[in-house]
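Where a number appears in this text, it was derived from the coordinates with a stated rule and is not lab data. Note that the coordinates shown come from a computational prediction; the quantities given were computed from them, not determined experimentally. Positions of Cβ are generated from backbone atoms using ideal geometry, with glycine treated the same way; all protein chains shown enter the neighbour counts.
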Amino acid sequence: MRILSVDPLNAETPLEDLGDDLTAQSRFFVRSHFGPPDLSRRGDVLEVVGAVERALRLKMADLEAMGTRTVLMTLECAGNGRTGLTPLPSGEPWGLGAVSTARWTGVPLRTVLESVRPKPYAVEILATGADRGRPLDIADEIPFARSLPLAKARDADTLLALQMNGRPILPEHGAPIRLIVPGWYGMASVKWLERIEVLAEPFRGYYQLGRYVYDHADENPPTPVRTIRVRSVIVSPLDGDAVPQGQVIVRGKAWSGEGVIVRVQIGVDGAEPSQDATLAPPISPHAWRAWEFAWGATDPGRHLLRSYATDAKGNRQTDVGRWNRYGYGNNATQAVAVTVE
Ligand SMILES: Nc1nc2c(c(=O)[nH]1)N[C@H]1C(S)=C(S)[C@@H](COP(=O)(O)O)O[C@H]1N2
Ligand SMILES: [Mo]
């Protein structure tokens with residue numbers, strides 16, 4: 001893992017580990033604002049309260065008894081690729097490894113909502129983690145807390161996850177219960193979940209309005225960061241590799257929170273991409289799609305490869321990402337320099 005900070009732990013997955021469909025828990029990137037809470041004080045209880053007919057306190061066994069569902073989902077931090085923006089925004093200096101994919105098993109949040117019965121005027125659910133701390137730019141200690149519109153909370157694949165790749169979730173990934181929100185950047189998938197509150201008004205907390213917004217530093221008000229923008233990475237060959245002259249198999253992954261990946265094109269040496277990669281069958285509507293391309297590496301010397309993914313909504317990557325104050329959603333193409341020998 002490439003460690004960005006130790007306390008709290010922030011670590012990215014090396015690109016060579018993104019080749020497999022599923023990322024092992026121990027190789028899965030970690031993004032934590034405050035670090036894991038003291039789990040011994042937790043008692044494994046999830047409170048579901050607020051604008052509901054019937055508030056509940058659920059133990060792990062209660063949740064398991066509600067019936068689980070398993071979803072393959074790619075999780076990407078909104079700050080992934082931040083170091084590609086100029087000037088460099090503040091925030092964790094992520095390269096391209098703040099993305100991973102796991103098989104998540106848990107209770108659909110929808111099932112829990114059906115049993116607490118939100119009041120008709122409810123608009124959002126607020127998910128609060130057990131971790132707390134004081135961000136540099138605010139005075140008080142706060143928990144990590146994020147809200148979701150009720151419609152997204154009721155998505156059949158929005159889970160209260162209890163397992164990751166068939167095992168209990170590791171502490172750094174949010175044990176024992178975390179939210180998993182398909183198609184949205186990682187900040188929505190609240191770890192160490194201890195409380196769900198059904199809200200009658202939109203949440204206005206620090207991690208809702210003060211961060212995870214696209215602020216273009218212009219006259220327009222900031223807009224919330226939500227769905228994952230279309231992106232692809234090349235996982236082989238790696239930047240700086242030397243390859244023998246002849247046919248080189250270029251491999252990578254592509255994903256989008258807006259729809260299935262329908263096309264990946266390869267551009268060589270800055271030319272308009274004119275060739276398509278071959279897409280592997282999708283493994284899930286919410287996970288990355290593998291692709292490969294047979295590159296005729298005939299000319300010796302240094303060459304630049306780029307991959308351009310397009311999703312079902314017609315979103316396509318460009319070479320330059322749009323700068324924003326906190327450096328989110330930079331889905332610009334990756335340039336991989338390869339020397340043909
Ligand atoms: N409680 C809590 N949940 C959290 C966070 C956090 O700091 N605290 N970080 C969020 C962010 S920004 C991301 S990208 C994902 C990362 O999940 P992972 O560490 O399992 O990869 O968790 C999200 N959930
Ligand atoms: Mo994130």
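Odds and ends about this structure:
- For the listed peptides 282-293, 219-230, a ranking on the average number of other beta carbons within 10 Å per residue, highest first, reads 282-293, 219-230.
- Charge dipole magnitude, Cβ of K and R +1, D and E -1 - the stretch 233-291, Cα centre, debye nearest 20: 280 debye
- Ordering of 190-201, 81-92 by packing [mean C-beta count within 10 Å, highest first]: 190-201, 81-92
- Cross-link pairs beyond the 31 Å C-alpha cut-off, checked among LYS59/LYS253; LYS59/LYS313; LYS152/LYS253: LYS59/LYS253; LYS59/LYS313
- Once you reduce the stretch 305-339 and the stretch 1-54 to the center of their Cα atoms, the two points are 26 Å from each other.
- Cα-projected label distance for GLU201 with ARG2, points at 7 Å along beta-carbon direction, nm: 4.3 nm
- Calculated on the Cα set of the stretch 244-289, radius of gyration then Dmax: 12.7, 38 Å.
- For the chain, convex hull of alpha carbons as volume per residue, Å³: 140 Å³
- Average projection area in nm² (convex hull over Cα atoms of the stretch 209-291, one quarter of hull surface): 8.4 nm²
- Of interest is the spacing of the C-alpha centroids, which for the stretch 224-244 and the stretch 75-114 amounts to 15 Å.
- Positive dipole terminus of the stretch 231-340, leading residue within PRO281, VAL250, VAL268 (C-beta point charges): PRO281
- Cα-Cα pairs of the stretch 231-340 separated by more than 17 Å (percent): 53 percent
- Annotation for LEU150 and ASP38: the two label points, set 7 Å from Cα along the Cα-Cβ direction, are 3.8 nm apart.
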